[in-house]
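Report on the structure given below.
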Amino acid sequence: MIEASFITASLALFVAILFTRISRSVTWRAMVAPLASIIGSGFLVSAPLLGRELGGFAILGIVGLCAFAWAIGGAIRYNIMHVEQLLEQAPPPRHIAVLERLSTFTLFFAYVISVAYYLALLGAFVMKQATGAVDPVMAKLIATFLLALIGWLGWSGGLGKVLRVESGVVALKLAVIGGFLTALALYGAGLLADGQAVMPPGPHGDWSSLPVLLGMLIMVQGFETSRFLGEEFDRPTRVRTMRLAQLVAAVIYITFFLLLSPLMLTAMEGTGETAVMDAALIVSPLLPLALMFGAVASQFSAAVADAIGGAGLANGASHRLNGHQVYPLLVFVSALVLWETDIYGVIALASRAFAVYYMLQCAIAAVATVKAGGHGTAVAWRVLLALSCGAVAIFGIPAE
């Protein structure tokens, strides 16, 4: 029954998204990029990591991360509506232009690190399904091969063709997630009907867990991509769809944590980045394979998207290197990050890089608010957000 429900729910959601007016709507097309990034790797690694740190308080951890991301998104939405107009002036305000240029370079390196993050997870997923265990060296070799492939595609101009299937990949990922949540709901209902416990493990954690929580910001990152869709969508559309993408992602994450409660202990005791697949096996033998298929497609797609984004940012910021010339540098740095850190180290490193970018964007929003004669409360809030992002960059640490 669970397998049939999973397949039915997944197919229904996939068809509803991709073969109806939804896929042709402006709202969906503008949501694809931020939604693809927000609901990426974090969906599979968030529960085990937060469960180990916080136990039954893991649901509060993901709510806190989503709320923090929503607040940062508010600053970036302000920048879309107001700062972009200032940057189009000739000349733009000096302080804002300097901070924007610095944030652009920072985001390039954040994308470089996130490419390593996505492909490291992809390699682990493939190894887990192929051999039943994760060999870190083989997983990194798989990731390195894919990095080389991305570099070659970028050099030859073929990455754009890969990215054109993004809408279909996001629809597939959401369909798999929808089916997975349906299966978890039925599994929990079955436990309740049999009188078994469905509560999460006991809560734990102290102030020492806070730096680890800060290091997980990348799990709900990705909403900033709406900032760079100006050639395709107007400002109100980008603001509206960024907000909608964050709301959809938050609902999915929180629902996932609630429904995973009976299996949280298994996920916490699982091995590394594929722990959720170990827990999913208890529900149905079909689920780990489906999750792996969806994860591989979405991981490679997200890595391609970030590689293109990073190359475009470097090209626009340097005015010297063209997109083709940037890819070898991007691949080299990503490979260096991949081989010099483990997956948890990459998560914390990527979170730090994105946190610095968010700090600069919040600072830009604060400066622009002052320039526009805004309320002191709004300025203080954006300064506080910038300081909070700075704290993530300084104090965020890997989960062990």
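Considering only the range 166-197, state which residues are within 17 Å of F19 (Cβ to Cβ) and either among the β-branched types (V, I, T) or outside any helix (DSSP H, G or I) (or both).
If the condition is that a residue be within 17 Å of F19 (Cβ to Cβ) and either among the β-branched types (V, I, T) or outside any helix (DSSP H, G or I) (or both), then V169, V170, V176 are the ones that fit.
Could you list, in sequence order, all residues of the range 17-58 that are in a helix (DSSP H, G or I) and not aliphatic (A, V, I, L, M)? Spell out the reasoning first.
First, pick out the residues of the range 17-58 that are in a helix (DSSP H, G or I): 17-18, 26-38, 42-54, 58.
Scanning the range 17-58 gives T27, W28, R29, P34, S37, G42, F43, S46, P48, G51, R52, E53.
Pick out, from the range 231-296, the helices (runs of 4 or more DSSP H) lying fully within it that include 2 or more residues that are modelled with pLDDT of 80 or more and open to solvent by 10 Å² or more (accessible area, probe 1.4 Å).
Result: 235-259, 275-283.
Against the conditions (1) in contact with a Cys (Cβ under 7 Å, 6 or more places away or on another chain); (2) part of a loop (DSSP other than H, G, I, E, B), where does A90 fall short? Just the number, please.
It is condition (1) that A90 fails.
Anything in the range 93-137 that is in a helix (DSSP H, G or I) and of a type in the set (V, I, T)? List them, or say none.
I96, V98, T104, T106, V112, I113, V115, V126, T131, V137
If we scan the range 104-119, do we find a residue that is over 30 Å from L247 (Cβ atoms) and either in contact with a Phe, Trp or Tyr (Cβ under 9 Å, 6 or more places away or on another chain) or open to solvent by 30 Å² or more (accessible area, probe 1.4 Å) (or both)?
yes
Just need a number here: residues in the range 120-151 that are without any contact (Cβ under 8 Å) to a residue 24 or more places away in the chain and either surrounded by fewer than 20 Cβ atoms within 10 Å (Cβ to Cβ) or among the β-branched types (V, I, T) (or both).
The total comes to 10.
Taking the range 360-394, which residues are under 23 Å from V333 (Cα atoms) and open to solvent by 10 Å² or more (accessible area, probe 1.4 Å)?
Selection gives L360, A393, I394.
Quick check on this structure: which one of L210, L192 is closer than 30 Å to Y78 by Cβ, out of contact with any helix residue (DSSP H, G or I) (no Cβ under 7 Å at 6 or more places or on another chain) and surrounded by fewer than 18 Cβ atoms within 10 Å (Cβ to Cβ)?
Testing whether each residue is closer than 30 Å to Y78 by Cβ, out of contact with any helix residue (DSSP H, G or I) (no Cβ under 7 Å at 6 or more places or on another chain) and surrounded by fewer than 18 Cβ atoms within 10 Å (Cβ to Cβ) leaves just L210.
The values are calculated or read from the model by the stated rules, or taken from the named source; none is laboratory data. What you see is a predicted model; the values in this text were computed from it and never measured. With ideal geometry, Cβ positions are generated from the backbone for all residues, glycine too; neighbour counts draw on all protein chains shown. Accessible surface is based on the protein model in full, side chains and every heavy atom, while ligands, DNA and RNA are left aside. Shrake-Rupley method; radii C 1.70, N 1.55, O 1.52, S 1.80 Å.
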